[in-house]
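The values are calculated or read from the model by the stated rules, or taken from the named source; none is laboratory data. Predicted, not measured: the structure shown is a model, and the values here were computed from it. A quick note on method: Cβ atoms are made from the backbone with ideal geometry, for glycine too, and the neighbour counts reach across all protein chains shown.
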Amino acid sequence: MKDMGYEKSLADVGFALAFAFLVLAALMLLIINPPQKLNDADPKAQGNIIVELAWPDTIDADIDLWVRGEADMIAVGYSNKGGPLFNLLRDDLGSINDLSNKNEEIIYSRGVPDGEYIVNAHLFNNKGYKGPIPIRLIVSLKETDKSKTVQLFAVNAELEFYGQELTVARFILYDRKYIADSFNTIQENIRAAGE
């Protein structure tokens, strides 16, 4: 008859050794590859023109941000996530696949070419919410890669019906500066046809 206590002791020792080996391996990985600290002042952390669109977190709607600058032949939005100038960071679908429960879309630029910029919001899907949906647009600028981000303007608006594409802002940048007198909301649909 075998001694069960002896076999259990060997199993416990083996488990303890395996666990110790895993802990040592994890510590070695941290020593070899220490975690990188993010630098908030890193000029590569974001683009030059930052366009942010947000709507209430309690409203389950899919609202799309569209932006077109002089360097973009086609506006950047959910079906064209990147162009020569702008890139969509994330297509927010409302509550679908959203662990943050935050409703927002952000588009960044690479560079600040002179010309007119058009920013539209499109109510792609309203999942049963009654009434107009309030939106907030914030446009910011880093004049150079090393300068601080400065908010150019913020706009509050409403999307009133399913499928509506609203021009929330049109403005001109010249010599890496915002021309405040150029701001307007003259409607121009910029989404690709059929989108």
Complete set of residues in segment 149-195 that are of a type in the set (F, W, Y), surrounded by fewer than 16 Cβ atoms within 10 Å (Cβ to Cβ) and not in a loop (DSSP other than H, G, I, E, B): F153, Y174, F183
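Could you count how many residues in segment 142-176 are over 16 Å from I186 (Cα atoms) and in contact with a Phe, Trp or Tyr (Cβ under 6 Å, 6 or more places away or on another chain)? Quick ask: steps written out before the conclusion?
To start, the set of residues in segment 142-176 that are over 16 Å from I186 (Cα atoms) comprises 142-154, 160-163, 173-176.
Going one step further and asking which of them are in contact with a Phe, Trp or Tyr (Cβ under 6 Å, 6 or more places away or on another chain), we end up with 152.
Matching residues across segment 142-176 total 1.
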Residue in segment 116-128 that is within 17 Å of L173 (Cβ to Cβ), small (G, A, S) and surrounded by 15 or more Cβ atoms within 10 Å (Cβ to Cβ) present: no
Residue tally, condition aromatic (F, W, Y) and touching a residue at least 40 places away in the same chain (Cβ under 8 Å), over segment 125-169: 1
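Quick check on segment 70-82. Is at least one of its residues in a loop (DSSP other than H, G, I, E, B), out of contact with any Pro (no Cβ under 9 Å at 6 or more places or on another chain), surrounded by 17 or more Cβ atoms within 10 Å (Cβ to Cβ) and at pLDDT 85 or above? Full working, then the answer.
Initial filter on segment 70-82 (in a loop (DSSP other than H, G, I, E, B)): 70-75, 78-79, 81.
Narrowing further to those that are out of contact with any Pro (no Cβ under 9 Å at 6 or more places or on another chain): 74-75, 78-79, 81.
Still in the running and surrounded by 17 or more Cβ atoms within 10 Å (Cβ to Cβ): 75, 78.
Now restrict to residues that are at pLDDT 85 or above: 75, 78.
Yes, some residue in segment 70-82 is in a loop (DSSP other than H, G, I, E, B), out of contact with any Pro (no Cβ under 9 Å at 6 or more places or on another chain), surrounded by 17 or more Cβ atoms within 10 Å (Cβ to Cβ) and at pLDDT 85 or above.
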